[in-house]
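Please read the structure below before turning to the comments.
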Amino acid sequence: MVGYGFMGAAHSHAWRTAHRFFDLPATPVLHTLAGRTESSLVAAAERYGFARTTTRWQDLLEEPEIDVIDICTPGDTHVEIALAALASGKHVLCEKPLANSVEESERMTAAAADARAQGVRSLCGFSYRRTPALAYARQLVAEGAVGEIRQVRAQYLQDWLSDADAPMTWRLDKDKAGSGALGDIGAHIIDLAQWITGQDISAVSGTLETVVPTRPAAGDMQGLGGTGDLSGERQQVTVDDLALFTARFADGVLGSFEATRMAQGRKNAMRVEINGSKGSIAFDFERMNELEVYDATAPAGRQGFTRVLTTEPEHPYAAAWWPTGHGLGYEHTFTHQIADLVRAIGEGTDPSPSFEEALQVQRVLAAVEASSADGSSWQGVAPSAA
Ligand code: SOE
């Protein structure tokens with residue numbers, strides 16, 4: 001694994017746990033953790049359960065005992081690490097968004113396609129797909145439960161930048177992160193909306209906004225929120241705090257999207273709602289064990305959203321865990337991701353979302369940026385290479 005911040009913690013927990021709950025063709029071993037700062041790297045490796053550390057991620061490529069390289073670093077390093085890992089024959093799990101530009105994502109996708117021919121697998125970490133309620137929502141839509149889709153509504157609302165003195169961490173630096181709320185959390189709802197509806201987004205019109213243009217230095221701070229160093233000079237924020245856009249899907253359906261880190265009180269409100277001719281489904285990650293389902297064909301006196309608890313053995317992934325009704329958390333989505341990846345490697349199949357699918361998300365991100373720069377004009381999204 002390369003990187004040991006928030007995602008390094010989430011992924012290593014998943015690598016440690018997946019085989020204990022899912023029947024997998026192999027038992028993952030946390031071999032080596034790579035990172036830049038020796039002291040914190042060693043502490044992280046100990047806490048996460050890695051046997052070895054290195055400050056040179058290139059060492060992982062040469063180690064024959066390593067089968068998979070898990071990239072948990074900021075977006076600016078994805079392309080270099082992924083290309084090298086694929087070329088050395090290692091399977092790759094890469095955090096989202098796939099990279100910081102369409103051009104980088106295209107190179108990664110081409111490399112993944114070449115590597116696939118040699119049996120090397122790659123997966124982009126859009127982990128929310130593995131939330132049981134969302135995987136179930138996709139199933140319901142495919143079965144026709146909402147009928148013909150009429151409208152898509154997707155929001156990802158966080159508030160950790162509402163405080164103007166929250167620190168200038170790497171997520172606010174375009175060179176490191178690529179974009180702000182758009183790529184960090186907007187990418188998730190783009191991926192989910194396309195995955196649940198089965199339709200790619202073909203055009204967008206949007207606006208990006210940086211509400212707080214300067215912030216105090218972060219010093220050693222890395223996570224979400226907190227207060228920066230108020231004694232020094234404020235630094236320029238180079239990404240968006242919020243992104244709003246309208247999207248046209250390939251089948252003509254319209255969707256509205258909102259990604260923000262400025263929504264006071266909304267901590268991780270990742271919401272998706274699909275309205276169809278026969279009903280609707282609605283989800284909010286702050287209540288991740290529930291899916292709201294509306295059946296417009298029910299008798300008028302009994303209409304209303306039904307709260308489905310997606311904790312039952314009938315629901316995706318849930319049977320591997322606790323008895324009826326006991327519920328899952330954020331970390332389980334990552335564990336499911338590892339279970340699916342290890343299975344795919346064992347079975348010699350391609351896990352999803354592939355780099356091709358992640359490239360399509362990247363193209364939507366780029367189109368939203370181009371639209372915003374051009375006064376919110378409609379911008380086409382080039383079709384996916386897949
Ligand atoms: C920060 O906004 C963040 O950690 C994202 O980077 C993750 O992808 C999301 O799961 C939670 O929020």
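Just so you know, all these numbers are worked out from the coordinates, no wet-lab data involved. Everything quoted here is computed from the prediction, not taken from an experiment. When we count neighbours, we look across all protein chains shown, and the Cβ atoms used for this are built from the backbone with ideal geometry, even at glycine.
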Report task. Lys and Arg at +1, Asp and Glu at -1: add these up for the other residues within a Cβ distance under 13 Å of Trp57 and post the number. Result -> -1
Query raised in the report: Can you give the extra length, in nm with one decimal, that the chain gains between Arg150 and Ala51 once fully stretched, where that is 0.36 nm per residue apart less the Cα-Cα distance?
Result: 30.5 nm
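Just the projected area, averaged over all directions, of the convex hull on the alpha carbon atoms of the stretch 137-219: how many nm²?
So the Cα hull casts an average projection of 7.1 nm².
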Query raised in the report: Across bins of 20 angstrom width beginning at 0, how are the C-alpha pair distances of the chain distributed, in whole percent?
Result: 28, 60, 12, 0
Query raised in the report: Label Thr77 and Leu254 with points 7 Å out from Cα along Cα→Cβ: what is the distance between them in nm?
Result: 4.4 nm
Query raised in the report: With springs only between Cα atoms under 10 Å, which of Leu341, Leu328, Leu93 fluctuates most in a Gaussian network model of the chain?
Result: Leu328
Query raised in the report: If you find the alpha carbon centre of the stretch 295-317 and of the stretch 1-63, how far apart are they in angstrom?
Result: 40 Å
Report summary line: Sorting Ile196, Thr306, Ser371 by the position of each Cα along the dipole of the chain (Lys, Arg +1; Asp, Glu -1; all at Cβ), the one nearest the positive end of that ordering is Thr306
**Report entry** Where labels lie 7 Å past Cα in the beta-carbon direction, separation of His326 and Leu61 in nm
**Finding:** 4.5 nm
Query raised in the report: Once both labels are modelled 7 Å past Cα along the beta-carbon direction, what's the Ala113-Ala373 spacing in nm?
Result: 2.5 nm
Query raised in the report: Under 13 Å from the 7 Å Cα→Cβ point of Ala319, by amide nitrogen: which residues of the stretch 19-38?
Result: 22-23
Query raised in the report: Assuming R0 = 22 Å, what is the FRET efficiency of Ala296 and Ala142, from their Cβ-Cβ distance, to the nearest 0.05?
Result: 0.75
Requested in this report: Just tell me the longest site-free run in the chain, where the sites are GluC sites (Glu not before Pro) in a DSSP loop having at most 13 other beta-carbon atoms within 10 Å.
Outcome: 149-232
